[in-house]
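J.: Quick one: the structure is below, and I'll ask about it shortly.
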Amino acid sequence: MPRATPVLPSGPSRAETPMAFIRAMVQAYERRGLSPDAALAKAQIPPPLLRQADARVTALQMEWMSEAAMRELDDEALGWFDRQLPWGSYGMLVRASLSAPTLGVALARWCRHHGLLTDHIGLRLQRDGALAHLTLTEHRPLHNAQHHWQELCVVSVLRNAMGVAQWLIDSQLRLHQVQLAFAPPAHASAYAVLFDGPVCFDAHQHRLSFDAGYLGLPVKRDEAALQRMLQRALLLTVRPYRRDRLLRERVRALLLGGQGGPGPAATAADLAEALHVSERTLHRQLKDEGASLQAIKDSVRRQRAEELLQRSRKPIKHIAAEVGFGSEKSFIRAFRGWTGQTPDGFRQASF
């Protein structure tokens, strides 16, 4: 069984891209009998640098080179697949996902429509409990079997999907794990920059995993925003998002007492202080996510109350206090509203 080789994020650093990716693009030119010199000049990459195995280019140089190659070859896939993907193909996928109500619907459309462009690879979105997975499957070998050619294809498609997802919800999408089904390349250290999350090579499949809560976030973009984005579409694959809209999960963790949180009795002021935002910002961002502080508190209190009723013999009065109620009477009333049962009735049915 292949052993997954982890590469952990190295923290903030200047984005750098392996020269192997540039060499793969140069090969795309050579396969078409064309010269890459103009593209290299536009990207300010001296040709002799191509021969340096450990050389790096900046994210901006990668953006310039990619755009020049895709436009000149009229192929956004750079020769990976049976047929060319003309300039604008991936923009068409974004437009098809733009009217989706949530990121989950948008990504499902993206995966389905990507299959209309090529059947060389397949994309699939799955949800497994608290995690969502975006999986890339190679149905048959790419045109060029060299490792760095496959690597550029897989990395580009996954980073593109991730960039579009973040753009659609105007939020960072924190990766739980990145799995790649090829051996660690010589430039494996660069993956701490390419993906903002732990990377494992020699995995069974190519897959991005992230908090499934992001799937429920609303799509924030419209046609006007799309037109602006398409002016520099490749920026999506290199621009890091810093704002994370999945605030409700952080609030929930604090209410559950995680992250050194204040617990279920916390007020809006307590939570805002712990999150380093104002109370007004807290309520506004939760509203943007389609949530409310009261609904999250009720969900956490119910979860904790049910756990205590099922797993302990604590008096109802003590449970009421532990989950943040000022009196036993108010707790019983709230619990009946949540479950249709009294706490005693729920406990008796559980044992």
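J.: Let me spell it out: the conditions are (1) under 17 Å from the mean Cα position of the chain (by Cα); (2) in contact (Cβ under 8 Å) with a residue 12 or more places away in the chain, and Gln126 meets all of them except one. Which number is the exception?
T.: (2) is the only condition that Gln126 fails.
J.: Look at Ala132 and say whether it is assigned to a strand (DSSP E or B) and crowded, with 19+ Cβ neighbours inside 10 Å.
T.: Spelling it out, Ala132 is indeed assigned to a strand (DSSP E or B) and crowded, with 19+ Cβ neighbours inside 10 Å.
J.: Output the residues belonging to the stretch 194-231 that are among the basic types (Lys, Arg) and free of Cβ contacts under 8 Å to residues at least 60 places away in the same chain.
T.: Of everything in the stretch 194-231, those that are among the basic types (Lys, Arg) and free of Cβ contacts under 8 Å to residues at least 60 places away in the same chain turn out to be Lys220, Arg228.
J.: Starting from residues that are of a type in the set (Gly, Ala, Ser) and assigned to a helix (DSSP H, G or I), keep the ones in the stretch 19-39 and report whichever is nearest to Ser189 (Cα to Cα).
T.: Ala20
J.: Okay, moving on. Among the candidates Gly122, Gly163, single out the residue that is in the same structural domain as Glu63 (by TED's automatic domain parsing), under 25 Å from Glu67 (Cα atoms) and assigned to a helix (DSSP H, G or I).
T.: The unique qualifying residue is Gly163.
J.: Moving on to the next point. From the residues in the stretch 203-233 that are among the acidic types (Asp, Glu) and within 28 Å of Glu249 (Cα to Cα), which one is modelled with the lowest pLDDT?
T.: Asp211
J.: Further question on the same structure: Counting only residues that are basic (Lys, Arg) and closer than 22 Å to Gly213 by Cβ, which one in the stretch 268-323 is modelled with the lowest pLDDT?
T.: The selected residue is Lys287.
J.: Just name the residue that is surrounded by the most Cβ atoms within 10 Å (Cβ to Cβ) out of those in the stretch 60-103 that are under 26 Å from the mean Cα position of the chain (by Cα) and of a type in the set (Asp, Glu).
T.: Result: Glu76.
J.: If only one of Leu275, Leu271 is of a type in the set (A, V, I, L, M, F, W, C) and free of Cβ contacts under 8 Å to residues at least 24 places away in the same chain, which one is it?
T.: Leu271
J.: Now for a separate question. Could you tell me which of the residues Arg112, Arg83 is in contact (Cβ under 8 Å) with a residue 12 or more places away in the chain and assigned by TED's automatic domain parsing to the domain that holds Asp222?
T.: Result of the check over Arg112, Arg83: Arg83.
J.: Would you point out which residue out of Arg127, Arg140, Arg95, Arg83 is more than 23 Å from Arg32 (Cβ to Cβ) and not in a strand (DSSP E or B)?
T.: Checking each option against the conditions leaves just Arg95.
J.: Of all residues in the stretch 267-313, how many are surrounded by fewer than 17 Cβ atoms within 10 Å (Cβ to Cβ) and closer than 26 Å to Pro343 by Cα?
T.: Final tally of qualifying residues: 13.
J.: Take Ala295 and tell me if it is small (Gly, Ala, Ser), under 27 Å from Leu247 (Cβ atoms) and assigned to a helix (DSSP H, G or I).
T.: It is true that Ala295 is small (Gly, Ala, Ser), under 27 Å from Leu247 (Cβ atoms) and assigned to a helix (DSSP H, G or I).
J.: I'm checking my understanding of the structure. Among residues of the stretch 321-351 that are of a type in the set (A, V, I, L, M) and in contact (Cβ under 8 Å) with a residue 12 or more places away in the chain, which one is surrounded by the most Cβ atoms within 10 Å (Cβ to Cβ)?
T.: Across the stretch 321-351, the extreme among qualifying residues is Val323.
J.: Name the residues in the stretch 40-56 that are in a loop (DSSP other than H, G, I, E, B), in contact with a helix residue (DSSP H, G or I) (Cβ under 7 Å, 6 or more places away or on another chain), surrounded by fewer than 16 Cβ atoms within 10 Å (Cβ to Cβ) and in contact (Cβ under 8 Å) with a residue 24 or more places away in the chain, would you?
T.: Matches in the stretch 40-56: Gln52 only.
J.: Sticking with this structure for a sec: When only residues in the stretch 172-193 that are in contact (Cβ under 8 Å) with a residue 60 or more places away in the chain and not in a loop (DSSP other than H, G, I, E, B) count, which is surrounded by the fewest Cβ atoms within 10 Å (Cβ to Cβ)?
T.: Ser189
The values are calculated or read from the model by the stated rules, or taken from the named source; none is laboratory data. Since this is a predicted model, take the numbers as computed values, not measurements. Neighbour counts are summed over all protein chains in view; Cβ atoms, including those assigned to glycine, are modelled from backbone coordinates with ideal geometry.
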